[in-house]
Amino acid sequence: MRTEYRTKRKIEFVDTDMAGIVHFTRFFVFMETAEHEFLRSLGTSVAMEWNGDKIGWPRLAASCEYLRPLRFEDEVDIHLSVSKKGTKSLTYQFRFTRQGEDIARGEVTTVCCVCNPGEKLRAIPIPDFIARQIVV
């Protein structure tokens, strides 16, 4: 059972702005990438088929607080933890560090939905094979 996931990322030139620091929007990309890796570690994906439906995880809310800058070729540690598991939703907390120093903190709340083409999005309970692996 898992509630945490850790990964690393080397900052690429494309991640930086004209001031040479990581552009604020890139932290949302880093959070999403960590989320995808976490879901794969559970044997699933952010986009999957289940019981004949396409399942996805649209965002309900996302935020990030920036504490210190990151620069090109810095290596950042990304720590994802599931802070809340609802019947249909997950809330992730993210902690970004460089050599133990806090860089940023983020939060993303997602909801499990049927995302079939041509149909309205419909929230559903998190499938058991995923829910039982996450204990908060």
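The values are calculated or read from the model by the stated rules, or taken from the named source; none is laboratory data. Since the model is a prediction, treat every value here as computed from it, not as a measurement. Every residue, glycine among them, receives a Cβ derived from its backbone with ideal geometry; neighbour counts consider all protein chains shown. Note: accessible area is taken over every heavy atom of the protein model, side chains too, but ligands, DNA and RNA are not part of it. Shrake-Rupley method; radii C 1.70, N 1.55, O 1.52, S 1.80 Å.
Averaging 1/r over every pair of different alpha carbons in the chain and inverting the result gives a Kirkwood radius of 15.8 Å. Maximal additional length on extending the E75-T44 stretch stands at 8.5 nm, based on 0.36 nm per residue less the C-alpha distance. Other residues within the sphere of radius under 13 Å centred on the Cβ of R59, judged by their own Cβ, net out at -3 (K and R +1, D and E -1). With K and R counted +1 and D and E -1, the other residues having a Cβ less than 15 Å from that of P117 yield a net charge of 0. Where Rh is the Kirkwood radius over the Cα pairs of the stretch 61-136, the temperature 25 °C and the viscosity 0.890 mPa s, what D in µm²/s does Stokes-Einstein return? Value of D from the Cα-based Kirkwood radius: 170 µm²/s. Nonpolar atom fraction for the chain, defined as the carbon and sulfur part of the 1.4 Å probe accessible area, stands at 51 percent. On the basis of the beta-carbon distance and an R0 of 25 Å, T3 and D128 show a calculated FRET efficiency of 0.90. Taking 0.36 nm per residue of sequence separation and removing the Cα-Cα distance, the K84/N116 pair yields an extension gain of 8.9 nm.
Cross-link reach is defined here as a Cα-Cα straight distance under 27 Å, omitting same-chain residues fewer than 8 places apart; for K54 the lysines meeting it are K84, K85, K88, K120. Placing a label point 7 Å from the Cα of E37 along the Cα-to-Cβ direction, the residues of the stretch 105-131 whose backbone N falls under 17 Å from that point are 105-108.
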